[in-house]
């Protein structure tokens, strides 16, 4: 029997578990901004950092690891924003995915200039603008819903 190293979909098994962190900070003027990933090709699009869960890590650890790898940011997890589930054919590897992504609110702690090559850059955007960018360029992923939840979470718990 093979031991699964991560919960990634394969040609034999479509189920995948992933985690994401929405890193936010408050500007001096009181406005909240979030870190979004930018991919310039084929068209400019925006995403939140996320990645596949390893079999021996928690969802929280996965979210923090992926945020650091993909954005160069670190954050303190202050809340859970729920999950999104989707089913799609992966455009590059042609594998059917049934993926669940768990999202965490992460208060910004630090950053460096390093991020993986999966995205071209990382931008800080005001929360409402980030939501518009996610909706406009990748509405099918529904990540804009997570920013709605972040806004509600921050207001409800006065973070």
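Quick look at the values:
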| item | result |
| --- | --- |
| Odd one out for residue 41, checked against (1) outside any loop (DSSP other than H, G, I, E, B); (2) under 16 Å from residue 116 (Cβ atoms) | (1) |
| Members of the range 128-146 that are buried (at least 18 other Cβ atoms within 10 Å of the Cβ) and closer than 17 Å to residue 82 by Cβ | 131, 134, 141, 143, 144, 146 |
| Residue pairs meeting the criteria (Cβ under 8 Å; at least 6 apart or on separate chains; first under 13 Å from residue 18 (Cβ atoms), in the range 56-79; second part of a helix (DSSP H, G or I) and at pLDDT 95 or above) | 57/65 |
| Residues within the range 52-98 that are part of a strand (DSSP E or B) and closer than 24 Å to residue 153 by Cα, tallied | 14 |
| Selection status of residue 36, in contact (Cβ under 8 Å) with a residue 60 or more places away in the chain and crowded, with 16+ Cβ neighbours inside 10 Å | yes |
| Single unsatisfied condition, residue 110 versus (1) part of a strand (DSSP E or B); (2) surrounded by 12 or more Cβ atoms within 10 Å (Cβ to Cβ) | (2) |
| Test: residue in the range 80-101 that is at pLDDT 90 or above and over 30 Å from residue 12 (Cα atoms) | yes |
| Residue match in the range 55-67 (condition: in contact with a helix residue (DSSP H, G or I) (Cβ under 9 Å, 6 or more places away or on another chain), more than 20 Å from residue 149 (Cβ to Cβ) and either surrounded by fewer than 21 Cβ atoms within 10 Å (Cβ to Cβ) or modelled with pLDDT of 95 or more (or both)) | yes |
| Top-ranked residue of the range 113-124 - restricted to ones that are part of a strand (DSSP E or B) and over 13 Å from the mean Cα position of the chain (by Cα), ranked as surrounded by the fewest Cβ atoms within 10 Å (Cβ to Cβ) | 121 |
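The values are calculated or read from the model by the stated rules, or taken from the named source; none is laboratory data. Here the structure is a predicted model, which is why all the values come from computation and not from measurement. Ideal geometry is used to build each Cβ from the backbone, glycine not excepted, and the neighbour counts take in all protein chains shown.
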